[in-house]
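For reference, the structure is listed below as structure tokens.
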Amino acid sequence: MSGGAASAPKPLPSSGPKSLREMPHPLATSSSEEMGPALTPSPDLLLPRSIADKDLSLPNGTPVDTSSPASSSSLLNRLQLDDDLDVETRDLFVTVDDPKKHVCTMETYITYRVTTKTTRAEFDLPEYSVRRRYQDFDWLRNKLEESQPTHLIPPLPEKFVVKGVVDRFSEEFVETRRKALDKFLKRITDHPVLSFNEHFNVFLTAKDLNAYKKQGMALLSKMGESVKYVTGGYKLRTRPLEFAAIGDYLDTFSLKLGTIDRIAQRIIKEQLEYLVELREYGPVYSTWGGLEVDLSEPLEGVSACIGNCCTALEELSEDMTEDFLPVLREYILYAESMKNVLKKRDQVQAEYEAKLEAVALKREDRPKVPADVEKCQDRVECFNADLKADMERWQNNKRQDFRQLLMGMADKNIQYYEKCLTAWESIIPLLQDKPETK
């Protein structure tokens, strides 16, 4: 393994960052008994720190600090400042942009430009620009899973779409995927181990990636091989409490997000159906106004007002589809990725327990602990340390992402209702009685 994974593993009690009991839980279950006291909801998920430190105003009469910003947009900008603070300390920047459609005899596909700027010594040049398609990103992720089995690999957006329902070459779909691929590479770039992976370097710099792909397993790390070939014959007796809590947490987290995702999709569907009705509803007032000379002006005003509300609702639905849902789905896939790492950790521990038990059966000879058992113990400790470090990093990213997501959702809804309110208020003068002229 490259990076910190190659160093000597730390003792198990002190390896890795905080335990799960010290990590905030973003979504609480309906009953505290289901998850126990270790998994309590995190207040940071609901409110940014700049707001949580103040006395807020709520419908139930909670005291208010009148100095709080009037617009949620300013709060959203404040949240984004956290990302800018450590820009000067970064030495690797990657962006995905400029999608292009390629039509060939056998297939049609989209490529994206991947631009890299860096000051790292591992790179021969300070800047690279290559084009990659989705299957190249998929190759990279598979290679990272093989060579860094102890680490959490960020998820990719789903590859397959339902034909006839989603046009994968539409501008909206391509842009949504571009954002997801850009986020995928930025997650890797920010990781202290994955960003130094040899496969990642090649992905960012190689002009002909296909030639590198043909090398197959040649560059697979020793750690990757050791985990890849762990047989399924070992069965873990008991998962340690800390990692059992992680597993329970991930199950609950996935369930909560899955429910929100399904309901949000239904809301969007109903909004679009309502939008169709509004588009038929508004023009009726306009045609009616042609028959009513005295009511012509107010009827035209109502028709225009409904048209403005249609535009506002369409923008709100687009924001939910393009900004809200992708984040939910990314974290649902993230939870599945974490579960896979947890299973790999369990396999290595099961192998270690089996080998340790085999040694214990020969205690009459009091042999020295075999080297393969010590190596297996090192792998377990390495898995534990890496998994806990990635779990804390994931929690921090998740907390920040959901704070921005929920603040953005609030901001978009405020804008929607403000536009509708302005539209309806604009026609009030047209509906008021005017004094008759003498």
Once phi is turned into θ = phi - 60°, what whole-Hz ³J(HN,Hα) does the Karplus curve with 6.51, -1.76 and 1.60 give for every residue of the range 282-290, x standing for Gly and Pro?
-> x, x, 4, 5, 5, 5, 5, x, x
Full extension from Leu255 to Lys159: what is 0.36 nm times the residue separation minus their Cα-Cα distance, to one decimal in nm?
-> 32.4 nm
Based on the mean of other beta carbon atoms within 10 Å per residue, what is the order of 309-318, 168-177, most packed first?
-> 309-318, 168-177
About its Cα centre, how strong a charge dipole does the range 90-215 have in debye, to the nearest 20, once Lys and Arg get +1 and Asp and Glu get -1 at the Cβ?
-> 180
If you take the C-alpha gyration tensor of the range 90-215, multiply each eigenvalue by 5 and take the square root, what semi-axes do you get, largest first, in whole Å?
-> 25, 16, 15
With +1 on each Lys and Arg Cβ and -1 on each Asp and Glu Cβ, how big is the dipole of the range 323-414 about its Cα centre, in debye rounded to the nearest 20?
-> 100
Output ordering of 354-361, 413-420 (per-residue mean of other Cβ within 10 Å, highest first) is 413-420, 354-361
Rg/Rh for the range 249-289: what does it come to with C-alpha atoms and Rh from Kirkwood?
-> 1.43
May I ask you to order 370-381, 245-256 by the average number of other C-beta atoms within 10 Å around their residues, highest value first?
-> 245-256, 370-381
So what are the ³J(HN,Hα) numbers for the range 182-194, from phi and the Karplus equation (6.51, -1.76, 1.60; θ = phi - 60°), rounded to whole Hz, Gly and Pro as x?
-> 5, 5, 4, 5, 5, 4, 5, 4, 7, 7, x, 10, 4
Sequence-distant residues sharing a close amide H with Arg131 (under 5 Å, placed H) = Val114
Determine the alpha carbon to alpha carbon distance for each of Lys101/Lys214; Lys143/Lys269; Lys101/Lys256 and list only those over 29 Å.
-> Lys143/Lys269; Lys101/Lys256
For the range 371-384, just list the computed ³J(HN,Hα) in residue order, Karplus coefficients 6.51, -1.76 and 1.60, θ = phi - 60°, integers in Hz, with x standing in for Gly and Pro.
-> 5, 5, 6, 5, 5, 5, 5, 4, 5, 4, 5, 5, 4, 4
For the range 270-399, the Debye formula with one identical point scatterer on each Cα and no solvent gives log10 I(q)/I(0) at q = 0.10, 0.17, 0.21 Å⁻¹ as -0.61, -0.94, -1.12
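Coordinate-derived values only; no laboratory data. These numbers come from a predicted model, not from an experiment. Every residue, glycine among them, receives a Cβ derived from its backbone with ideal geometry; neighbour counts consider all protein chains shown.
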